Amino acid sequence: MRNLSIIFFILLISSSGYGENLVDSLLVPDSLFAPPAWDGFSDVGSGPELVKDKCPQPQHPPEALKNGIKGFVLVGIHVDSSGHVAEWKILQEEPKGYGFAKAVEDVLPTWQFEPALQGNKPTSTWITIPFKFRLPKKD
């Protein structure tokens, strides 16, 4: 059975020219969102954890920021047994056409995790991470 008790929030910071955090993301177990039809799922004892300073945040697309548009991207990420991002799937992007998914895809290859463990052995697994692109607060 997948370990549903491990739900933890990670506020990941994106620096912007406005000096404010504009992208929030949340690391959640794959069992909460991932479609069961995906291949490669494994039951794990503990999920992967982001390595601090090894997860640069996506930048708010300039055109969307200029036009005051917020965005949301939900991405499924396959973390291999060495903790690298092996592949990903964009599950949702709102609104489309402003580059929010591309902004996320640009940073994912550089992300590093402590791999999931099954017993004491590192294993690969899928996780789901939502990204919320916010607008800077107006003074």
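The values are calculated or read from the model by the stated rules, or taken from the named source; none is laboratory data. As the structure is a computational prediction, the values presented were derived from the model and not from experiment. Every residue, glycine among them, receives a Cβ derived from its backbone with ideal geometry; neighbour counts consider all protein chains shown. Only protein heavy atoms, including side chains, enter the accessible area calculation; ligands, DNA and RNA are left aside. Shrake-Rupley method; radii C 1.70, N 1.55, O 1.52, S 1.80 Å.
Values as computed for the structure displayed
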quantity: Those strands (runs of 3 or more DSSP E) lying entirely in segment 49-139 with at least 3 residues open to solvent by 60 Å² or more (accessible area, probe 1.4 Å); calculated: 85-94
quantity: Set LYS52, LYS96, LYS137: member being modelled with pLDDT of 95 or more and of a type in the set (D, E, K, R); calculated: LYS96
quantity: Residue in segment 63-81 that is among the acidic types (Asp, Glu) and touching a Ser or Thr at 6+ places or on another chain (Cβ under 6 Å) present; calculated: yes
quantity: Output for segment 92-139, where each listed residue is over 23 Å from LEU65 (Cβ atoms) and hydrophobic (A, V, I, L, M, F, W, C); calculated: PHE113, ALA116, LEU117, TRP126, ILE127
